[in-house]
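Presented below is the structure to which this report refers.
The values are calculated or read from the model by the stated rules, or taken from the named source; none is laboratory data. Everything numeric in this text was worked out from a predicted model, so none of it was measured. Reconstructed Cβ throughout: ideal geometry from the backbone, glycine too, with neighbour counts over all protein chains shown.
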Amino acid sequence: MSQQLIQALDNLFGQLQRLAEDQQVQLTCEFDPDWLSPCQQNEPDKQGLIEWLPVLQQPPGDFSSVESALGIPIHPDLKLFYTRYWSEVIDARSARGNLQLLQAWNADDFERLQQNLIGHILMKQRLKQPVTLFFAITDEEDFIISVDNQSGEVMLEQVGCIPQETLAPDLATFINQLQPVVSIEE
């Protein structure tokens, strides 16, 4: 499955870059000199925005400390999703509406992401619910998109509740259904 997910992610990030080129816009975000990333291109502009492009993680991030601390393996699709690229959050459209794919901007952000995933897993365990791992947020309040840690299915999940809806059989299938969106900074 990992090769299919790599291809899906590479296609999505390629579509994002082509879309930006076609619309003649740069992928930008606010520049923070204390929050640098391998994604950053050039120097910040006069409005304090910095151009960025997704960059392959070299070496890829590692979830072994999370797995060790929790005593459970993390689904390989989720690990690959978060360790393929350094990137800003990606806006996308699905059949169900708009969403944002979470990504790690830098090594510190990856560490923070892991801490948030640990918190989510501990909450699921405390509620005696199956473990899910979030990777996207939706426009709907309190709804996230997650991977079921056992099956690898992509689920729509209301925070704190057992997911009730399967969106795709796996992460590669879900990613392949998305259309990236480029927003123009004002």
Restricting attention to the stretch 73-93, report how many residues are surrounded by 17 or more Cβ atoms within 10 Å (Cβ to Cβ) and either in contact (Cβ under 8 Å) with a residue 40 or more places away in the chain or small (Gly, Ala, Ser) (or both).
14
Reported set for the stretch 142-177 where residues are under 16 Å from Ala95 (Cα atoms) and of a type in the set (Val, Ile, Thr) is Ile144, Ile145, Val154, Thr166, Thr173, Ile175
Filter the stretch 5-32 down to the residues that are acidic (Asp, Glu) and within 20 Å of Leu56 (Cβ to Cβ), then identify the one that is surrounded by the most Cβ atoms within 10 Å (Cβ to Cβ).
Asp10
I'm trying to understand the selection: among the residues of the stretch 132-156, which are within 17 Å of Asn98 (Cβ to Cβ) and charged (D, E, K, R)?
Asp139, Glu140, Glu141, Asp142
Mind listing whichever residues of the stretch 20-55 are under 24 Å from Leu178 (Cα atoms), modelled with pLDDT of 90 or more, out of contact with any helix residue (DSSP H, G or I) (no Cβ under 7 Å at 6 or more places or on another chain) and aliphatic (A, V, I, L, M)?
Val55
Need the failing condition index for Cys161 against (1) assigned to a loop (DSSP other than H, G, I, E, B); (2) surrounded by 12 or more Cβ atoms within 10 Å (Cβ to Cβ); (3) hydrophobic (A, V, I, L, M, F, W, C), just the number.
(2)
Residue tally, condition part of a loop (DSSP other than H, G, I, E, B) and either touching a residue at least 24 places away in the same chain (Cβ under 8 Å) or under 22 Å from Leu19 (Cβ atoms) (or both), over the stretch 33-66
14
Scan the stretch 19-30 and give yes if some residue there is among the small types (Gly, Ala, Ser) and either within 16 Å of the chain's Cα centre (by Cα) or assigned to a loop (DSSP other than H, G, I, E, B) (or both), otherwise no.
no
Report yes if Ser65 is of a type outside the set (A, V, I, L, M), more than 20 Å from Ser146 (Cα to Cα) and exposed (fewer than 13 other Cβ atoms within 10 Å of the Cβ), otherwise no.
yes
Filtered residue count, the stretch 95-109, keeping only those that are surrounded by fewer than 19 Cβ atoms within 10 Å (Cβ to Cβ) and either of a type outside the set (A, V, I, L, M) or in a helix (DSSP H, G or I) (or both):
8
Being of a type in the set (Val, Ile, Thr) and touching an Asp or Glu at 6+ places or on another chain (Cβ under 9 Å) narrows it down to one of Ile90, Ile74, Ile121, so name that one.
Ile74
